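> I am attaching a structure below and will ask some questions about it afterwards.
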Amino acid sequence: MPAQVEDLPRSQAQRRVLIVLIAAQVFSGAGLAAGVTVGALLAQDMLGSTSLAGLLGALSTAGSALAAVAVGRISQARGRRPGLAAGYLAGAIGSTGVIAAAVAGSSVLLFAAMFVYGAGAATNLLARYAGADLAAPEYRARAVSTVLVATTLGGVVGPNLAAPAGDVAHTLGIPRLTGLFLLSGAAYALAALVLAVWLRPDPLLLARTLEAARAAAAVARPDEAGGRVRPTAGRRRAGVLMGALVMVVTQLVMVAIMTMTPVHMHDHGHGAAASGLVISIHIGAMYLPAPLSGWLVDRYGRLTVAAAAALVLLVAGIVAANAPVGSAAVFAVALALLGVGWSLGLVSSTAIITDAVPLATRARTQGLVDVSIAIAGATGGMASGLVVAGAGYPVLAVGGGILALAIVPTVVVAARSR
């Protein structure tokens, strides 16, 4: 890396890193649109089964699990730049594979491609950790939220391009439902390019260098170091477990309800434009309130906001369950609340984990923790179709909201143990 860039003060380097991450996240947000908006519909169309409609999303999130480990290990060894770029490139390859599967009418290829496509979603989430590498602890949640909010533009615009993207796909002689995957492949490829070229200095590598210098200064001048108290191994482990639990529950509930909402709407006469609008509002609510989520976490504490996330998810489930089947507006409100609850849960749990993990093992641990997100998403996606087929969408929505309340007693126990 150029010496003049490495010599930038920490605050300047952090600003540069955040600008590059924001640019990449805008593109990757558009890449997320395809799987969220039309993934279940494409599976339903190719497989002819509502109960298996959640399978495609489950495979995508299962692929996220493998990608989270791989990106975490690459980042640990080489830095955030090669790790994140490789993850987005895999997402672009998966998008291309989905298109090929739809053209060939091959469900096996479709499943394999969606597994690879999941790498894009995993990388989109892992990028939030890069925003926190150089941030001071008291601003860590806000740094995470800055990266998350950048996903909003692409995430909101993407689903609303379902109809025109479908027209482009039809013009090219491929199925209409693959139109958004054309957009996704290009968007993920651009995100990979932005990171590979401009994410310099690498935030994780620079943070390690600064930490090593600080530690050396503390050894040389112990009377002047005044370092902060570091958590014990037991507290670090408890922090990681607590953060992972909040992430798992939040992701499982969000994915389960989100995955089946477009299918439920489609079954009651809503078109792709209506479901696309609802999903775009949902994605906007996931990422747009992130700065507020970050401020709340830094201001009122990680555990307080985690508990608030559970309550918001419960309200979202109740609203979704009672939404009139002909009202896209009520579904939009429900999924907006679902997105806000997810934002509060993800930002608070990310801050909990980042606080608990030392730089020496940070990227690898974060990747492993995000495996839990992918597994939760896969479970939610798979179970959602089965629950809707067997008991109906309202049961899924209310059940998810009740499950979110599992966060509250855990937060209470964690707060009392401090």
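The values are calculated or read from the model by the stated rules, or taken from the named source; none is laboratory data. Please read all numbers here as calculations on a predicted model, not as lab measurements. Heads up, the Cβs are rebuilt from the backbone with ideal geometry, glycines too, and the neighbour counts pull from every protein chain shown.
> So which pairs qualify, if the first residue must be in segment 173-186 and in contact (Cβ under 8 Å) with a residue 60 or more places away in the chain, the second must be in a loop (DSSP other than H, G, I, E, B) and of a type in the set (Gly, Ala, Ser), the Cβ gap must be under 7 Å, and the two must be at least 6 apart or on different chains?
Leu180/Gly158; Leu183/Gly158
> Tell me the residue from Ala65, Ala141, Ala85, Ala150 that is closer than 30 Å to Ala40 by Cβ and modelled with pLDDT of 90 or more, please.
Result of the check over Ala65, Ala141, Ala85, Ala150: Ala85.
> When you look at Thr178, is it under 20 Å from Val347 (Cα atoms) and either surrounded by 23 or more Cβ atoms within 10 Å (Cβ to Cβ) or among the polar types (S, T, N, Q) (or both), yes or no?
No, not satisfied.
Let's see how each residue does on (1) closer than 30 Å to Ala13 by Cβ; (2) touching a residue at least 60 places away in the same chain (Cβ under 8 Å); (3) in contact with an Asp or Glu (Cβ under 9 Å, 6 or more places away or on another chain):
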| site | (1), (2), (3) |
| --- | --- |
| Leu59 | no, yes, no |
| Ala65 | no, yes, yes |
| Arg78 | yes, no, yes |
| Ser95 | no, yes, no |
| Gly105 | no, no, no |
| Ala136 | yes, no, no |
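> Can you list the helices (runs of 4 or more DSSP H) found entirely within segment 279-380 that contain at least 2 residues being among the hydroxyl-bearing types (Ser, Thr, Tyr), free of Cβ contacts under 8 Å to residues at least 60 places away in the same chain and surrounded by fewer than 21 Cβ atoms within 10 Å (Cβ to Cβ)?
In segment 279-380, there are no helices (runs of 4 or more DSSP H) which contain 2 or more residues that are among the hydroxyl-bearing types (Ser, Thr, Tyr), free of Cβ contacts under 8 Å to residues at least 60 places away in the same chain and surrounded by fewer than 21 Cβ atoms within 10 Å (Cβ to Cβ).
> Suppose the filter is buried (at least 24 other Cβ atoms within 10 Å of the Cβ) and of a type outside the set (A, V, I, L, M); does Ser64 pass it?
Here the answer is yes, as Ser64 does meet what is asked.
> Of the residues that make up segment 157-178, is at least one in contact with an Asp or Glu (Cβ under 7 Å, 6 or more places away or on another chain), at pLDDT below 90 and part of a helix (DSSP H, G or I)?
yes
> Identify, from the list Pro262, Pro203, the residue that is out of contact with any strand residue (DSSP E or B) (no Cβ under 8 Å at 6 or more places or on another chain), modelled with pLDDT under 90 and either within 21 Å of Ser348 (Cα to Cα) or of a type outside the set (S, T, N, Q) (or both).
Pro262
> Hey, Gly118 hits all of (1) crowded, with 24+ Cβ neighbours inside 10 Å; (2) modelled with pLDDT of 85 or more; (3) more than 20 Å from Gly63 (Cα to Cα) but one; which does it fall short on?
Condition not satisfied by Gly118: (3).
> Might you check whether a residue that is surrounded by fewer than 22 Cβ atoms within 10 Å (Cβ to Cβ), at pLDDT below 90 and either touching a Leu at 6+ places or on another chain (Cβ under 6 Å) or assigned to a helix (DSSP H, G or I) (or both) occurs anywhere in segment 122-138?
yes
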